[in-house]
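Okay, structure first, notes after.
The values are calculated or read from the model by the stated rules, or taken from the named source; none is laboratory data. Keep in mind that this is a model prediction, so the values were computed, not measured. Note: ideal-geometry Cβ built from the backbone for every residue, glycine included; neighbour counts use all protein chains shown.
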Amino acid sequence: MSPRGTRTGAWVTVLVLVIGALIGGAVGEALSDIAPIFARSAGVGFSLDEFSLGNVITGHLGLRVSVNLATAIGLVIAAWIIR
């Protein structure tokens with residue numbers, strides 16, 4: 001297989017895992033009233049309060065990842081599908 005095909009396969013893998021996590025997270029949010037265990041989550045993130053590039057661009061940058069049980073289940077199912 002060519003290196004280009006390998007990179008495409010990696011992107012497909014990442015895309016499927018992200019979609020699995022998003023679907024799992026949505027299912028977890030929907031089921032959080034029925035099963036409270038889905039309402040609990042763990043998160044990690046960072047925040048750069050404000051940055052400035054000269055007088056041209058100013059902004060705020062941050063990223064937060066929050067994972068609950070349904071998100072983890074979605075990731076496992078997505079990994080099982082692409083194996």
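If E50 meets every condition in (1) modelled with pLDDT under 90; (2) assigned to a helix (DSSP H, G or I) apart from one, which number is that one?
Just one mismatch for E50, condition (2).
Tally up the residues in the stretch 64-83 that are in contact (Cβ under 8 Å) with a residue 60 or more places away in the chain and outside any helix (DSSP H, G or I), please.
0
Name the single residue, out of those in the stretch 39-63 being free of Cβ contacts under 8 Å to residues at least 12 places away in the same chain and of a type in the set (S, T, Y), that is nearest to E29 (Cα to Cα).
T58
Which of the residues belonging to the stretch 48-83 are among the small types (G, A, S) and exposed (fewer than 10 other Cβ atoms within 10 Å of the Cβ)?
S52, G54, G59, G62
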